[in-house]
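Enquirer: If you scroll down you'll find the structure; I have some questions about it.
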């Protein structure tokens with residue numbers, strides 16, 4: 001995982017796609033380079049399984065994701081997820097993203113302030 005520094009939450013990737021000004025400012029502040037970013041496999045599922053997604057949106061999202069590192073859930077991340085969820089009583093998807101960031105030593109970028117404060 002050479003060079004990867006950030007794990008992007010689903011809301012960050014959606015904001016990137018939608019050119020959300022708040023997210024673009026955050027990314028500019030971090031001097032973020034898309035090649036320095038990772039996403040979870042579950043994030044891809046969340047993004048591409050949205051019922052109203054169009055083919056054009058699917059293609060745009062896939063072209064964004066292909067430039068990042070994809071992180072799957074390993075048994076170590078499962079263990080970290082369980083521990084985090086027990087400690088903070090968070091939702092399972094939130095626990096998975098934090099556990100993934102912790103396991104890989106990545107900075108988590110998310111708009112979820114409550115989640116970011118627990119990390």
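Enquirer: Helix 75-88 versus the longest principal axis of the chain: what is the Cα-based angle in degrees, 0 to 90, to the nearest 10?
Expert: With rounding to tens, the tilt is 80 degrees.
Enquirer: For the pair residue 2/residue 114, report the inter-label distance in nm, with labels modelled 7 Å from Cα in the Cβ direction.
Expert: 4.1 nm
Enquirer: At a Förster radius of 25 Å, what calculated FRET efficiency corresponds to the Cβ-Cβ distance of residue 36 and residue 11, to the nearest 0.05?
Expert: According to the calculation, E is roughly 0.85.
Enquirer: How do the peptides 6-18, 42-54 rank, highest first, by the average count of neighbouring beta carbon atoms within 10 Å per residue?
Expert: Ranking, from highest mean packing down: 6-18, 42-54.
Enquirer: Mind pulling the angle between the C-alpha long axis of helix 55-65 and the longest principal axis of the chain? Nearest 10 degrees, somewhere in 0 to 90.
Expert: Result, in degrees: 60.
All of the numbers you see were taken from the coordinates with simple rules; none came from a lab. Fair warning: this is a prediction, and the values are worked out from it, not measured in the lab. Please note: Cβ atoms are built from the backbone with ideal geometry, for glycine as well, and neighbour counts cover all protein chains shown.
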